[in-house]
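Reading through the structure tokens given below for one structure.
A short reminder: the numbers here are calculations on the coordinates, not readings from a lab. Source: prediction; values computed, not measured. Cβ sites come from the backbone with ideal geometry, for glycine too, and all protein chains shown count toward neighbours.
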Amino acid sequence: MRILITNDDGIYSRGLRAAVEALRDLGDVYVAAPLFQRSASGRAMTLHRPLRAKLIEVPGARVAYGIDGTPTDCVIFAMARFSEFDLAVSGINLGENLSTEITVSGTASAAIEAATHGIPSIAISLEVEWKKVLGEGEDIDFSTASFFLRKIAEAVLEEGLPEGVDMLNVNIPSDATPETPMELTRLARKRYCPTIEERVDPRGHSYYWIVGRKRREFEPGTDAYALKVERKVSVTPINIDMTAGVDLRKLEYLRRV
């Protein structure tokens with residue numbers, strides 16, 4: 001088996017190292033991950049300049065490259081460099097990735113990019129304190145997340161994903177144990193209510209931060225409800241065909257516009 005591991009926290013993240021350690025004996029592990037933190041980069045590609053790649057020592061990986069680009073860049077690089085894979089894993093991410101906002105997530109988007117190439121993919125994220133989200137995972141215990149990643153990866157490698165499922169988005173509660181139940185979920189509609197916060201620098205010029213207020217109530221059956229309310233491991237099947245599943249005849253009025 002050939003397994004690709006990537007992330008958006010950067011190649012030095014302990015979460016990525018934990019993922020490699022969890023999967024190293026399931027096959028040949030290849031790593032292509034950003035050299036630096038690239039959270040919230042979505043499916044951005046680097047088209048306006050060349051990419052640079054640096055060989056990095058990652059214990060357990062057959063070969064590992066740090067790329068000065070986005071998570072999507074890393075998947076494209078790996079496909080060009082190493083050809084086909086049997087499984088792609090993005091993570092273990094520092095901080096959960098929930099709701100339809102996974103389209104913003106570099107973690108989920110890397111898995112989506114791999115899925116567009118026909119590779120069964122897993123995006124896996126661990127709930128952590130906000131102040132630790134942009135670090136390298138110091139003092140974070142990845143053992144339970146690694147346990148669930150190994151369990152899910154083995155199942156996907158053995159059984160594959162069913163027709164209509166391109167990737168799995170997995171979220172692990174911070175207090176999870178190996179006995180924590182897994183819940184199959186759908187995406188919540190929204191997790192954050194973003195806005196702009198204006199500040200003024202010492203020279204009197206305005207500058208702006210994008211900030212977000214977290215929602216606290218979620219509909220049962222969603223990934224956010226499973227993680228935040230039920231404290232379960234959420235596993236959401238994702239289909240990258242975003243065509244609305246409706247009777248197209250209901251949109252016939254558009255022809256008359």
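Overview of values
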quantity: Candidate aspartates and glutamates for bridging to Lys132, where Cα separation is under 19 Å - those fewer than 8 sequence places away on the same chain excluded; calculated: Asp8, Asp9, Glu96, Asp141, Asp175
quantity: Cβ charges +1 (Lys, Arg) and -1 (Asp, Glu), total dipole of region 90-154, debye; calculated: 200 debye
quantity: Segments 188-195, 203-210 sorted - mean Cβ within 10 Å per residue, highest first; calculated: 188-195, 203-210
quantity: Student exercise, region 39-148 dipole from Lys, Arg, Asp, Glu Cβ charges, in Debye to nearest 20; calculated: 500 debye
quantity: Computed [θ] at 222 nm, deg cm²/dmol, the chain (DSSP H ≥ 4; -39,500 (n - 2.57); rounded to nearest 500); calculated: -6500 deg cm²/dmol
quantity: Förster radius 25 Å - calculated FRET efficiency between Glu179 and Ala40 (Cβ-Cβ, nearest 0.05); calculated: 0.15
quantity: Nearest-20 debye value, the chain charge dipole, Cβ charges on Lys, Arg, Asp, Glu; calculated: 960 debye
quantity: Separation of the Val257 and Ala155 label points, Cα + 7 Å toward Cβ, nm; calculated: 4.2 nm
quantity: Computed P(r) (all Cα pairs; region 104-257; 5 Å bins; percent); calculated: 2, 8, 13, 17, 17, 15, 10, 7, 5, 4, 2, 1, 0
quantity: Of the DSSP H helices in the chain, those whose Cα atoms cover at least 20 Å axially and whose Kyte score averages -0.5 or more; calculated: 143-159
quantity: Dipole of region 180-251 [Lys/Arg +1, Asp/Glu -1 at C-beta], most positive-end residue of Val200, Ile210, Val235; calculated: Val200
quantity: Alpha carbon convex hull of region 176-240, projected area averaged over orientations, nm²; calculated: 7.0 nm²
